[in-house]
Amino acid sequence: MANIGIIGGSGYTGSELLRLLYMHPEAEVVAVTSRKLEGKKIWKQHPFLRGFYDISFVSPELKNLEGCDVVFTAVPHGKAMQHVPHLLDAGIRVIDLSADYRLKKEVYESVYGLRHEAYRKAVYGLPELHGDEIRRSELVANPGCYPTGCILSAAPLAKAGVIERVVFDSKSGITGAGIKPTEFTHYPNVHEAVVPYRVTDHRHYYEMVQELGGFQPDLKISFTPQVFPGSRGILTNAHIFLREEPDIKKIRRMYEEFYRECYFVRVQDEVRLSWVRGSNFCDIAIFAGEDRVVVSSAIDNLVKGASGQAIQNMNIMLGFDEKTGLDFPPLFP
Ligand SMILES: NC(=O)c1ccc[n+]([C@@H]2O[C@H](COP(=O)([O-])OP(=O)(O)OC[C@H]3O[C@@H](n4cnc5c(N)ncnc54)[C@H](OP(=O)(O)O)[C@@H]3O)[C@@H](O)[C@H]2O)c1
C-alpha cells in the first residue's frame, strides 16, 4: 500500500484526488493539507466525502508529509515550487498539478513572469506520450487541462509530420478556474454564455508547442479557449490543415494504431462531454472537411485533465497497471 499526501486538499483538484484515491486499492491518503483549514475534518470542506475520510487537514510543512511515498501538489503555479524541492530532497516522489515544472525554465519564466527559484527537471506527465520516462521519474509535471485534450487530438498527425497548421478551439467548464470565486466565474457573468478569454495568448499554448513541436518542429499552432456554463469538461475541435490531401480512412487507422495500447484514449464516431464525465477517458472523433480534418476531443478537466491523469501517472511511477483505481465507466447522463 502506497502512502499518499496531497498539498492543496481544500481545492477542486485536491478534492477530486480524494474522491478517486478512495477507490484505489493500492493507495491510502495519509496527509492532506490546507493552510486555512488546518485541524478541521476534510468533510467539513468537502461534505460529499463525508463517511469516506475521517482525517483532518494539516499544514503543508514537510514534517506532516514525511511518511508519504508520493505527494500530489494541487496548488496554484508559483506555489508548487515552494514545496517540491523539499519533498524531493526528502526522497518523496512528486506529481505536480500546477504549471511550475511543465516547461523549460527559461520558457516558464518568460511565460509566467516569475523567477523559478527551485527548478528541477521533470517529465511531462502525458502517459500516452511519455509512459517510459514517467516510470523512471521522481517528479512528474501533470499537463494542463487544455493541453491534454489538444495534444492528444493532434499527436498522431504531428508524429507523421504532415500538419501545416492546427487551430485548437476549446470550451471548458468553470471548475477549470479553481475553487475561489472571482468576477470572471460569478454566476451572472457566465450563465447562458460562452465566454472567450485570452483569445490569442493563453499560457497553455506553450505546452502544445513543446509537445507537438517535439514531433514536428515546424508546425503552426493557434489556440483559443472559452468557458461554457457547466462545471466539468473540455471539448476541443482541432482544425488540422494538412500538407497533403486528407484521406480520412487512413487518418482514422493512424489514430487507432497510435492509441492501440492507450486504454484511456477512445477513438469514437462522435464525442460528447457527457460520455466522459467523471472518468479518465479522452474520447476522440475524426471528421473530414474539404480543406482540413477536424479532430474533436472530450475530457473531464478534473479527471483526465488533472487528478485522474495524476493518478494514472502515479500508477506508472509505482509500477501498478495504469488503470488501477481508474477503471470505471463515466457518469451518464
Ligand atoms: N481546476 C482544473 O480543472 C485544473 C486542471 C488542471 C490543472 N490544474 C492546476 O492544478 C492546480 C490546482 O488547481 P485547483 O483548481 O485545484 O485550484 P484551487 O481550487 O484554487 O485549489 C488550490 C489550493 O491550493 C492551496 N494553496 C494555495 N497556495 C498554497 C501554498 N502556497 N501552499 C500550499 N497550498 C496552497 C489552497 O488551499 P489552502 O488555502 O486551504 O491552503 C487551495 O485550496 C493549479 O495549479 C491549476 O492550474 C487545475
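The values are calculated or read from the model by the stated rules, or taken from the named source; none is laboratory data. For clarity, every value in this text was computed on a predicted model and none was experimentally measured. When we count neighbours, we look across all protein chains shown, and the Cβ atoms used for this are built from the backbone with ideal geometry, even at glycine.
The selection criterion, being closer than 17 Å to ALA306 by Cβ, away from the ligand (no atom under 13 Å from the Cβ) and not acidic (Asp, Glu), does not hold for ILE179.
Considering ILE179, ILE221, ILE174, the condition of being closer than 19 Å to SER296 by Cβ and either of a type in the set (Val, Ile, Thr) or in contact with a helix residue (DSSP H, G or I) (Cβ under 9 Å, 6 or more places away or on another chain) (or both) is satisfied by ILE221 alone. The set of residues in the stretch 182-207 that are within 14 Å of the ligand (Cβ to nearest atom), within 19 Å of GLY11 (Cβ to Cβ) and exposed (fewer than 15 other Cβ atoms within 10 Å of the Cβ) comprises THR182, PHE184.
Looking only at residues that are under 17 Å from SER307 (Cβ atoms) and without any contact (Cβ under 8 Å) to a residue 40 or more places away in the chain in the stretch 46-73, which one is nearest to the ligand (Cβ to nearest atom)?
Step by step, filter the stretch 46-73, then rank; the result is HIS46.
If you go through the stretch 181-214 and pick out every residue that is touching a Gly at 6+ places or on another chain (Cβ under 7 Å) and assigned to a helix (DSSP H, G or I), you end up with 1.
The residues in the stretch 5-45 that are under 26 Å from PRO85 (Cα atoms) and away from the ligand (no atom under 16 Å from the Cβ) can be counted, and the count is 4. Consider PRO229 carefully, then state whether it is at pLDDT below 95 and either in a loop (DSSP other than H, G, I, E, B) or in the same structural domain as CYS150 (by TED's automatic domain parsing) (or both). For PRO229, the condition - at pLDDT below 95 and either in a loop (DSSP other than H, G, I, E, B) or in the same structural domain as CYS150 (by TED's automatic domain parsing) (or both) - is not met. Filtered by the rule that a residue be in a loop (DSSP other than H, G, I, E, B) and touching a residue at least 60 places away in the same chain (Cβ under 8 Å), the stretch 141-169 gives ASN142, PRO143, GLY144, VAL162.
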